[in-house]
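Worksheet: one structure, shown below.
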Amino acid sequence: MPDKNEIINLLEKISDLLEFKGEDQFKVSAYRNAANSIRRNEKNIKQIIEANELNKVKGIGKSIASIIYEFYKTGSSSLYYQLKKEVPENIEKLFEIRGIGPKKIRLLNSELGISSINELEQACKEGRISLLKGFGASMQKKILEEIEKIKLYEKFILLDTAEKYSNEILQKLSQLSSVSQIAITGQLRRGMEIISKLEFIILTKNADFTCSQMQNLFHCTMDEKCFKVINEFSIPVYLYYVETNEEFNSKLFFTTGSEEFISKLNLIEKVNSSAKSENEIFAKVNLPFIIPEMREKEYFSICKKELKGNSNLAFNQFNGLLHFHTTYSDGRDTLFVMLQESEKMGFKYASVCDHSKSAYYANGLNEERILFQKQEITDFTQENKLHCFQGVETDILSNGDLDYSNDFLRNIDFVIASVHSAFNMEQDKMTSRIIKAIENPNTDVLGHPTGRLLLSRPPYQVNIKKIIDACAQNQVAIEINANPHRLDLDWRLIFYAREKGCLFAINPDAHSLDEIRYIQFGIMVARKAGIQSEEVINCLDLASFKKFLSRKIKRNFNGLS
C-alpha cells in the first residue's frame, strides 16, 4: 500500500504535469494544495483512507479523493499515466531540478526544444539559457549546479564524469605509501561511452598495511581482495589489490574484459597468475596483443583482416582542430582566444564552425555576419603561424537543403552539415533528408550523424547504413563528435563505415576552451573501432587538408572570391 509520502508525491507530479501543459491555474493549485494538506495533516492518512473519510480533509474534493483512493487500492493512477503520455518522454526528470518549476520548463521546451536533463545541461554550457527571458546568468549557473547533483544518482555516467571520478580516486590512492603500482581497469580502460562502475588494481607488498590505509581514505567494505567504496560516487567503485607483478598482469587482463571478449578466447584454463605481461596472455591463444579499447565481442565479427589491427590513433597525430564554436554564435570564448589556445596545444590549422542562421537559439550567423567573421579569420591567419579556415555548422533543413544558398557556401572553406531540428521524422524521410545534404557538393562532413544524446535522447529514426553509404559515395567525412554527451557516430557503426572506405573527422564540438580536450573522448571511441590515423582528416597535414577541401569544388582559401 502507498504511504503518505508516495501519495503526496503523486499529487505533486500531477500538479507539475498539469502546469507544464498550461492547464487552468486553479486546477493546478488544487492538486498542490491537496498535497500540502496531507503533508500538514497529523492524522494517519491510511486510517483516513480506509475509513473513507478523505472528504473531511481540508482541500481534498471528490475528484482528488477518487484519485487517491485509486492509487491506494491499485498502486497506480490512470490520470497520472494519461498525463505522462501527453508530455515529452523525459520531461519529468527536469522537475527534479530545484529552482525551475513547470512554467519555466515549459518555456525551455517551447523555445529551445529542451525535454531532458542532458539537453538542458548542454544548453547551459553553451550559454543559451541565460538569454531567455526570466532566466539570466545566475539561474543558468544554478541549474548547472543542480544538474550535477542529479547526475550523481544516475545508474550510468558519461566519460567526462568517469574521468573526473577516476582522477579523484587516483589522487587519493597515490597517497598510499604501501602501494607501488595502480592501474585503471574495466569499462573505463576499454573506453566505453557510458560507465556503470569504476575499477582499479593496486599492487602492494604489504596487504595488511594497505587495508588499514584504505579505511582512512574511503568508506568501504572488503571482500576477497577487493574494496568496494560506499556512497562516495554515483556508481560502484571497486579496488582490487594484488601482491605480485604476475598477479597484477593477470588481474589487469581479466578485469579489463569485456566478459564476452574473454569468454570467446577460452583462456581460463590456459592462464594462471604467473603471466609476465598481457602480451604473454594473448600469445597463449596465438593472438597478437589487442589494445584494451578493442576487447569487445564486436572484434570477432570484423570480416576484413586489415580492419582487425590495433588503432594507432593518438592526440599528438592531430594537426587540425575542427568544429568549435565562439561568441559569434553560442560559444563562451572569442574566436581569437579559441585560436590562440589551438596554437598553444600544437595544432597546425583550425576551422571555426559557428552555427548557421536557422539556429536562432544559438545566435546563428547570417550571411553578413559570416563575411564579418571571415575578415577576422583572414587577419589572424596573416599574423600567426596557425592557419585558420572559416567553417560553418550549417543546419540541414527539413527538406534536406543546407541553411545557405549553394553559391554562398562555395565561399566558405569548410562545411559541416548537421540536423538540429525536426528530430521526429519517420525513418524514410529523415534518411532522404540527410542524404540530400550529403549529396550537396559543398558538404565536407556530416555532423553527429545519428543525433543521439547519451543517457538522454535516442538516435533519430534513420537508416544509418544508407547514410554511411552516401558519405562514402560522395566523399563526405563522417564526424565522430567527441562531446561526451554525443560520441556520435557510435563506435559499433564505425566498423561498417570503415569497410565502405569512409573518412572520419574527430571533433570536440567545443563551446569553450576547456571543451577542446573532449577530443580525447573521441579518440577513445575511435580506437575501439580500430581507426588508423590516415582515416582521420584532422590528422592530415595542412596541404593535404586543403586538397581534401578542394576534392569536389574549387575553394579560395585567401578570402571570398
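Numbers at a glance
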| item | result |
| --- | --- |
| The stretch 168-245 - Kirkwood radius from inverse mean 1/r over Cα pairs (Å) | 12.7 Å |
| For the stretch 346-448, convex hull of alpha carbons as volume per residue, Å³ | 103 Å³ |
| Shape call, the stretch 96-151: gyration tensor on alpha carbons, a/c limit 1.5 | rounded |
| Charge context of Glu306, other residues only, Cβ under 14 angstrom, K/R +1, D/E -1 | +2 |
| For the stretch 131-176 versus the stretch 1-71, the gap between their alpha-carbon centres in whole angstrom | 35 Å |
| Reachable lysines from Lys308, criterion Cα separation under 24 angstrom, eight or more residues apart if same chain | Lys264, Lys270, Lys284, Lys297, Lys465, Lys466, Lys500, Lys528 |
| Computed log₁₀ I(q)/I(0) - Debye formula, equal Cα scatterers, no solvent, the stretch 315-549, q 0.10, 0.13, 0.14, 0.16 Å⁻¹ | -0.40, -0.70, -0.83, -1.12 |
| Volume per residue that the Cα convex hull of the stretch 36-164 spans, once the total is divided by residue count, Å³ | 163 Å³ |
| Net charge contributed by nearby residues that have their C-beta within less than 13 Å of Gly451 (K/R +1, D/E -1) | -2 |
| Anisotropy class of the stretch 135-191 from Cα gyration tensor, a/c 1.5 cut | prolate |
| Cut-off under 5 Å, modelled amide H: who pairs with Ile480 long-range | Leu489, Ala505, Ile506, Asn507 |
| Order by protection proxy (mean Cβ within 10 Å, highest first), peptides 100-111, 385-396 | 385-396, 100-111 |
| Percent of beta bridges antiparallel (DSSP, the stretch 157-307, rounded to nearest 5) | 70 percent |
| Over the stretch 234-375, relative contact order from alpha-carbon pairs under 8 Å, at least 6 apart, % | 16 percent |
| Charge dipole magnitude, Cβ of K and R +1, D and E -1 - the chain, Cα centre, debye nearest 20 | 760 debye |
| Farthest toward positive dipole pole in the stretch 1-147 [+1 Lys/Arg, -1 Asp/Glu at C-beta], among Ile14, Asn52, Leu94 | Asn52 |
| Length gained when the stretch Asn399-Glu260 is fully extended (0.36 nm per residue, less Cα-Cα span) | 45.8 nm |
| Directionally averaged projected area (convex hull, Cα atoms, the chain), nm² | 30.8 nm² |
| R0 of 25 Å, Cβ-Cβ distance Arg551-Val337: FRET efficiency to nearest 0.05 | 0.20 |
| Cα gyration tensor, the stretch 508-552 - rounded (a/c under 1.5), prolate or oblate | oblate |
| Listed residues Ile396, Ala30, Ile435: farthest to the positive end of the dipole of the chain (Cβ charges) | Ala30 |
| Mean projected area in nm² (Cα convex hull; one quarter of hull surface) for the stretch 247-354 | 10.2 nm² |
| From phi via Karplus (6.51, -1.76, 1.60), per-residue ³J(HN,Hα) for the stretch 416-423 in Hz, x at Gly/Pro | 9, 10, 9, 8, 10, 8, 6, 6 |
| Simple spin-label estimate for Lys308 and Lys85 in nanometres, 7 Å along Cα-Cβ | 5.1 nm |
| Pairwise label distance in nanometres, Lys164 with Asn206, each label 7 Å out on the Cα-Cβ vector | 3.6 nm |
| The chain: antiparallel DSSP beta bridges as a percent of all, rounded to 5 | 35 percent |
| Charge sum, other residues only, whose C-beta stays under 11 Å from Tyr349's C-beta, Lys/Arg counted +1 and Asp/Glu -1 | 0 |
| Spherically averaged projected area of the stretch 157-307 from its Cα convex hull (nm²) | 9.3 nm² |
| Vicinal HN-Hα couplings computed from phi for the stretch 295-308 (Karplus, 6.51 cos²θ - 1.76 cosθ + 1.60; Hz; Gly/Pro x) | 7, 10, 4, 4, 4, 7, 9, 5, 7, 7, 4, 5, 8, 7 |
| Calculated Rg and Dmax of the stretch 1-87 using C-alpha coordinates, Å | 12.2, 35 |
| Virtual spin-label span in nm between Leu144 and Leu217, 7 Å along Cα→Cβ | 3.0 nm |
| Diffusion coefficient, µm² s⁻¹, Stokes-Einstein with Kirkwood Rh over alpha-carbon pairs of the stretch 423-472 at 37 °C and 0.692 mPa s | 291 µm²/s |
| Relative contact order of the chain, defined on C-alpha pairs under 8 angstrom at six or more residues apart (%) | 11 percent |
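Computed from the coordinates by the stated procedures, all read-outs in this text should not be read as laboratory data. All values reported here derive from a predicted model rather than from experimental measurement. We place every Cβ from the backbone using ideal geometry, glycine too, and count neighbours over all the protein chains shown.
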